Amino acid sequence: MTLGQLIKDLRTKNGMTQEELAEKTDISVRTIQRIENGEVDPRSYTLQKIASALSIDYEELIKAGSDDLEKENSSKTKVWLSILHLSGLFTLLFPPIIIWFWKKDKIKNIREHAIDVINFQISIIFYMMISSLLIFIGLPIALLWGIFSTVVILINTIKVRNNQSYKYPLTIKILKP
């Protein structure tokens, strides 16, 4: 439950309208509406006024607000990990390395994800180089490696986005997690 939903539930349980809550707290009705709809993050003194008017502990509202922040951070983590995995489509080692170093202090487990992506990229580059050395059948095999890597990267990106485990098959473990 979000902070706004909690405030709305508590307000309705106390039999108050938004106008009544606004009057008790000296906060505009529009601000109450925006807080309940999750459009704004209320300041601490606003939450103190609302907690007092709803006869609940201020800490309860703070906890609900921190839960919202955790969900937001979790969502951002999914986005960045998805971008990291998608960067494998470029068969350049720079994008995953840049993302890894840029977000290493902000995203838990990004090191493991980056190493998996980089190892897979190096492996595919190696396989494509070996395939291209073969006479006549080298080009079609290299194209198949390209299609294979694209499919694997897209599937793993979707899995990461959905909090599922992923696997890069046929990867040579050059970097260790």
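With a Förster radius of 30 Å, plug the Cβ-Cβ distance of residue 93 and residue 158 into 1/(1 + (r/R0)^6) and report the FRET value to the nearest 0.05.
The computed FRET efficiency comes out at 0.85.
By how many nm would the segment from residue 20 to residue 133 lengthen if fully extended, with 0.36 nm per residue of separation less the alpha-carbon distance?
Working it through step by step, the gained length comes to 32.9 nm.
Too long at a 18 Å Cα-Cα cut-off: which of 76/104; 106/176; 63/108; 76/167?
Violating the 18 Å limit, Cα to Cα: 106/176; 63/108; 76/167.
Once every Cα of segment 24-175 carries one equal point scatterer and solvent is ignored, give the base-10 log of I(q)/I(0) from the Debye formula at q = 0.13 Å⁻¹, two decimals.
-0.70
Based only on other Cβ atoms within 10 Å, what is the fewest-to-most ordering of 145, 80?
Ranking 145, 80 by Cβ neighbours within 10 Å, fewest first, gives 80, 145.
Test of understanding: ordering 85, 113 by Cβ neighbours within 10 Å, fewest first, what list do you get?
113, 85
Suppose a student asked you for the relative contact order of segment 73-161, using Cα pairs under 8 Å spaced at least 6 residues apart; what percent would you report?
37 percent
What length, rounded to one decimal in nm, is gained on full extension from residue 112 through to residue 33, with 0.36 nm per residue of separation minus their alpha-carbon distance?
That pair, residue 112 and residue 33, stretches by 24.2 nm at full extension.
Could you work out [θ]222 nm for the chain from helices alone, using -39500 (n - 2.57) per DSSP H run of at least four and dividing by all its residues? Round to the nearest 500 deg cm²/dmol.
-23000 deg cm²/dmol
Taking every pair of Cα atoms in segment 112-159, average 1/r, invert it to obtain the Kirkwood radius, and report Rg/Rh to two decimals.
Result: Rg/Rh = 1.06.
If each of residue 9 and residue 150 carries a label point 7 Å out from its Cα toward its Cβ, how far apart are those two points in nm?
My value for the distance between the label points is 4.7 nm.
With Rg and the Kirkwood Rh both taken from Cα atoms, where does Rg over Rh land for segment 3-56?
Over the Cα atoms of segment 3-56, Rg/Rh equals 0.89.
Based on the alpha carbon coordinates of segment 73-161, what radius of gyration and maximum Cα-Cα distance (Dmax) apply, in Å?
Over segment 73-161's Cα set, Rg and Dmax evaluate to 14.5, 51 Å.
Computed from the coordinates by the stated procedures, all read-outs in this text should not be read as laboratory data. Only a predicted model underlies this, so the values are computations on that prediction, with no experimental measurement involved. Note that we place each Cβ from the backbone using ideal geometry, even for glycine, and neighbour counts take in every protein chain shown.
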